[in-house]
Amino acid sequence: MDDKIVSINSLARTHDITPEEVRQFDRFKAYTDEQVHELIETIKTYTRFVYNVHSKQKKGGRIIALSVENNKLKAA
């Protein structure tokens, strides 16, 4: 299967989202090249963070409750 044919929303993606794919969404059509690059880097940073937290939890790490009800009590 050609990686470029995989849907933008597919879990089978093996490559980073491209600027062209970002601009397919109406919200991002007017973004400059710099803004698109920044958005892609933000997405990559966020996904690495989530993956690392998930991986540590699987290795016996502490589970962090992310319940919406608890956010009001724990907000700084």
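Tell me, what HN-Hα J-couplings in whole Hz come from the Karplus equation 6.51 cos²θ - 1.76 cosθ + 1.60 at θ = phi - 60° for each residue of region 19-29, using x for Gly and Pro?
Per-residue couplings from phi come out as x, 5, 5, 4, 6, 5, 8, 3, 4, 10, 4 Hz.
For I40, I8, what's the fewest-to-most ordering of other Cβ within 10 Å of each Cβ?
Ranked by crowding around the Cβ, least crowded first: I8, I40.
Please rank K59, K44, fewest neighbouring Cβ atoms within 10 Å first, as an exposure proxy.
Fewest-to-most Cβ neighbours within 10 Å comes out as K59, K44.
Evaluate E = 1/(1 + (r/R0)^6) for Y46 and R23, where r is the Cβ-Cβ distance and R0 equals 25 Å; express this FRET efficiency to the nearest 0.05.
The calculated FRET efficiency here is 0.80.
Values quoted throughout were computed directly from the atomic coordinates according to the rules given, and no laboratory measurement underlies them. None of these values were measured; they are calculated from a predicted model. Glycine gets a Cβ as well: all are built from the backbone with ideal geometry, and neighbour counts include every protein chain shown.
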